[in-house]
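Structure first, commentary second.
The values are calculated or read from the model by the stated rules, or taken from the named source; none is laboratory data. These numbers were taken from a predicted model, which means no experiment stands behind them. Quick reminder, even Gly has a Cβ in these numbers, built from the backbone with ideal geometry, and neighbours come from all protein chains shown.
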Amino acid sequence: MNNLSNEQDGCDYSAKPDSSAVSSRKNEETIKLIVPGNLAGSRLDQVLAQLFPQWSRSRLQRWIGENRVRVDGVTGSVRQKIWGGEVIHITAGLMEEDQSHQAEAIPLNILYEDDHLIIVDKPAGLVVHPGNGNWHGTLLNALLNHAPQLAQVPRAGIVHRLDKDTTGLLVVAKTIEVQFDLIKQLQQRTVKRHYFALVLGKIEKDGLVDAPIGRHPVHRTRMAVVQHGKPARTHYRVLEKFTGCTLLQCSLETGRTHQIRVHLMSIGHPLAGDPVYGKTPPGSPVADIIAPFPRQALHAWQLELTHPGNGQILRWESRLPADIAGLLQALRNDASQPAPAFL
């Protein structure tokens, strides 16, 4: 799970291409923003890093050093204090990843939409946000096609992420104000996210994994439980036991990258089908059933939050995708167990 959304404070600002200040340089765009008051007292580079998380701090600092950033019409400096209300213009030198923020006609399964929110049921194989070589064909590209006004919202309104091969529910904000309201809800842990997870091995009782997560010290593309990682808490509840597997409901207090996958692996019960954190042991009694499954058996089935517009508590549910449902049925057939009523 991507966790950029959990690290930001809620704020209200506007950021958009400035039609009155067209750049004369090729592959550049001038962006205008008004700094929100809650960032008062921060340095200019810190403010820009908060408002534009899609760009690295080093790139923003370089742009400041190249005189690409003006504060109230005056060239800015990295350590300049910002007090809120300033008008900032950035002449952004666009790179390949920036060009990836284009509308693409990718179908979306939308469970709910109003003037504030979109609730998307994400299929397996869909990357949420461009990056790491996946610069096109993402949920962000699909959202820009579905609702072009999302081009004016950072990350096209995406508030939290699911891994490429994890299915289920995501909330998207249609305005900047709603985006930061939802980010604040995530920080305050009032957004409830529940997952179905099929893990290897038998878990006898419910439990909690409370262990910090950070970048793996050797395999830098992976995450791991590390001493100085960010705090992470995952609750799990046993739903159904099979020979060699257990179906869990997992609930998140935090939203670290790959949190459920890493936490369950750390207690010796990796997700079935996970190609990174837990391949099925050859001697497993369900190896013939699990081994062909092409992805981690993880589905974000329930999402609950407070509607930013009217204050109502809303909840959505997503049916199990056909591949996980079929996998569970194969395990039940093998173990001669009836399907439980909750599914």
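Restricting attention to strands (runs of 3 or more DSSP E) lying wholly within the range 197-243, give those where 2 or more residues are of a type in the set (A, V, I, L, M). Outline the logic, then answer.
Working: elements: 207-210, 213-215, 223-225, 233-241.
Correct list: 207-210, 223-225, 233-241.
Scan the range 39-59 and tell me whether some residue there is farther than 30 Å from R215 by Cα, within 28 Å of the chain's Cα centre (by Cα) and either at pLDDT below 90 or assigned to a loop (DSSP other than H, G, I, E, B) (or both). It would help to see each step written out before you state the result.
Here is the first cut: in the range 39-59, the ones farther than 30 Å from R215 by Cα are 40-41.
If we keep only those that are within 28 Å of the chain's Cα centre (by Cα) too, we end up with 40.
In the following step, the residues that additionally are either at pLDDT below 90 or assigned to a loop (DSSP other than H, G, I, E, B) (or both) were identified as 40.
Within the range 39-59, one or more residues are farther than 30 Å from R215 by Cα, within 28 Å of the chain's Cα centre (by Cα) and either at pLDDT below 90 or assigned to a loop (DSSP other than H, G, I, E, B) (or both).
The set of residues from the range 225-245 being in contact (Cβ under 8 Å) with a residue 40 or more places away in the chain and closer than 16 Å to Y277 by Cβ comprises V225, C245. When restricted to residues that are within 22 Å of the chain's Cα centre (by Cα), in a loop (DSSP other than H, G, I, E, B) and modelled with pLDDT of 90 or more, the range 255-290 contains 9. Residue pairs whose Cβ atoms lie under 8 Å apart, sitting 6 or more positions apart in sequence or on different chains, and linking a residue in the range 294-310 that is closer than 19 Å to Q187 by Cα and in the same structural domain as R161 (by TED's automatic domain parsing) to a partner that is charged (D, E, K, R) and in a loop (DSSP other than H, G, I, E, B), do not occur here. From the residues in the range 119-169 that are in contact with a Leu (Cβ under 9 Å, 6 or more places away or on another chain), assigned to a strand (DSSP E or B) and not β-branched (V, I, T), which one is nearest to E304 (Cα to Cα)? Within the range 119-169, the match that is nearest to E304 (Cα to Cα) is L169. Of the residues making up the range 316-340, those that are small (G, A, S), part of a loop (DSSP other than H, G, I, E, B) and at pLDDT below 95 are S336, A339.
How many of the residues in the range 182-215 are over 21 Å from A297 (Cα atoms), of a type outside the set (S, T, Y) and out of contact with any helix residue (DSSP H, G or I) (no Cβ under 8 Å at 6 or more places or on another chain)?
Kept after step one, since they are over 21 Å from A297 (Cα atoms), are these residues of the range 182-215: 182-191, 210-212, 214-215.
Subsequent filtering for residues that are of a type outside the set (S, T, Y) retains 182-189, 191, 210-212, 214-215.
From the residues that got through so far, the ones that are out of contact with any helix residue (DSSP H, G or I) (no Cβ under 8 Å at 6 or more places or on another chain) too are 184-185, 188-189, 210, 212, 214-215.
Going through the range 182-215 one residue at a time, the tally reaches 8.
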